[in-house]
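Right, one structure below, let's go through it.
Bear in mind that the values in this text are calculations on the coordinates, not laboratory data. If you're wondering where the values come from, they're calculated on a predicted model, not measured in any experiment. Virtual Cβ from ideal backbone geometry, glycine too; neighbours counted across all protein chains shown.
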Amino acid sequence: MLNLILFGPPGSGKGTQSEKLIAKYGLKHLSTGDLLRSQIAQKTPLGLEAKSLMDKGQLVPDAVVIGMISSALESNPQAKGFLFDGFPRTPAQAEALDKLLELKGTSINKMLAMEVSEEELVNRLVKRGQTSGRSDDNNEAVIRARIAEYHDKTAVVADYYKKFDKVVNIKGEGSIDQIFNELCKEIELAAQD
Ligand code: B4P
């Protein structure tokens, strides 16, 4: 199995690159942001709780996202591998993911960490906010709060995987195709390990 984490701050290109990567490698895409937005669209109690936090730029509680990932893993027993996008976002989520994968007899092969400057992140998200209808994108203060939340709680997740020598940094600025090619090179190396 090939299991990858696409990592980076909000707006670094995780969702954008995920779409291209799953098409090329046939991996199952698990995006906690997409799973949460689907709960919001269905107006479930979980969705309502998540929306109030996401609209402030805050992370949703670990137990909620870990539960979602656990059921997604269970409901995809035939997957040849998973691409985790926007998950794990805290060390507790990373530890939970390791345990869930261990139960399936597998593990993370690589974390691909995309690096983008803060001003570029803000520009991209403000621009997306003009068309996406995403309430967390249409206010610059919320965008900056999401980036701060990333530095406070999420950036350390890379240290967790560095201990196991699983992190590769990728420059996340440039054309979408250029970045995609860099990611593919690293994935092909990971698949040979
Ligand atoms: P996510 O849905 O994960 O969204 P994101 O991190 O904000 O954006 P992403 O990184 O996927 O966007 P992309 O760069 O593709 O999270 C939303 C919220 O959900 C979080 O704030 C949190 O509240 C909650 N949440 C999700 N997962 C959670 C978890 N595990 N734990 C707790 N809470 C969780 O795209 C950005 C824009 O840039 C696009 O418009 C794109 O077109 C553009 N772009 C991409 N690549 C570009 C390039 N190379 N050049 C120019 N523009 C580019």
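Quick one: 3J(HN,Hα) in Hz for segment 57-64, Karplus 6.51/-1.76/1.60 with θ = phi - 60°, rounded, Gly and Pro as x.
My calculation for segment 57-64 gives x, 9, 6, 7, x, 3, 4, 5 Hz in order.
Distance between Cα centroids, segment 153-188 to segment 69-88: provide it in whole Å.
19
With n ≥ 4 as the cut-off for DSSP H runs, can you work out [θ] at 222 nm for the chain, using -39500 (n - 2.57) per run divided by the number of residues, rounded to the nearest 500?
-17000 deg cm²/dmol
May I ask you to derive the FRET efficiency for Asn169 and Asn139 from their Cβ-Cβ distance with R0 = 45 Å, giving the value to the nearest 0.05?
0.90
For Lys104 paired with Glu120, estimate the spin-label separation in nm (one decimal), with each label point 7 Å from Cα along the Cα-to-Cβ line.
3.1
Distance in nm between label sites at Ser52 and Asp152, each 7 Å beyond Cα in the beta-carbon direction?
My value for the distance between the label points is 1.8 nm.
Go through Lys51/Lys166; Lys28/Lys166; Lys24/Lys153; Lys56/Lys162; Lys20/Lys163; Lys14/Lys56 and tell me which ones have a Cα-Cα distance over 23 Å in this structure.
Where the Cα-Cα span goes over 23 Å, the pairs concerned are Lys51/Lys166; Lys24/Lys153; Lys56/Lys162; Lys20/Lys163.
Please report, in debye to the nearest 20, how large the charge dipole of segment 2-192 is about its Cα centre when each Lys and Arg carries +1 at its beta carbon and each Asp and Glu carries -1 there.
Dipole about the Cα centre, nearest 20: 380 debye.
From the Cα gyration tensor of the chain, with a ≥ b ≥ c the square roots of its eigenvalues, which class applies: rounded if a/c is under 1.5, or else prolate if a/b is larger than b/c, or else oblate?
Here the chain falls in the oblate category.
Please compute the contact order of segment 41-156 in relative form: average sequence separation of alpha-carbon pairs under 8 Å and at least six residues apart, divided by the residue count, as a percent.
The value is 33 percent.
For Ile176 and Gln42, compute 0.36 nm times the residue count separating them, minus their Cα-Cα distance, and round to one decimal in nm.
Gain on stretching Ile176 to Gln42: 45.1 nm.
Multiply the residue gap between Lys24 and Glu74 by 0.36 nm, knock off their C-alpha separation, and tell me the result in nm, one decimal place.
Computed gain between Lys24 and Glu74 is 15.7 nm.
With +1 on each Lys and Arg Cβ and -1 on each Asp and Glu Cβ, and nothing else charged, work out how big the dipole of segment 143-193 is about its Cα centre, in Debye to the nearest 20.
260
So which residue, out of Leu46, Leu30, Leu103, gets the largest mean-square fluctuation from a GNM of the chain using Cα contacts under 10 Å as springs?
The residue that fluctuates most here is Leu103.
Using θ = phi - 60° and the Karplus form 6.51 cos²θ - 1.76 cosθ + 1.60, what ³J(HN,Hα) does each residue of segment 91-98 get, whole Hz, x for Gly and Pro?
Along segment 91-98, the couplings run x, 5, 5, 5, 5, 5, 5, 4 Hz.
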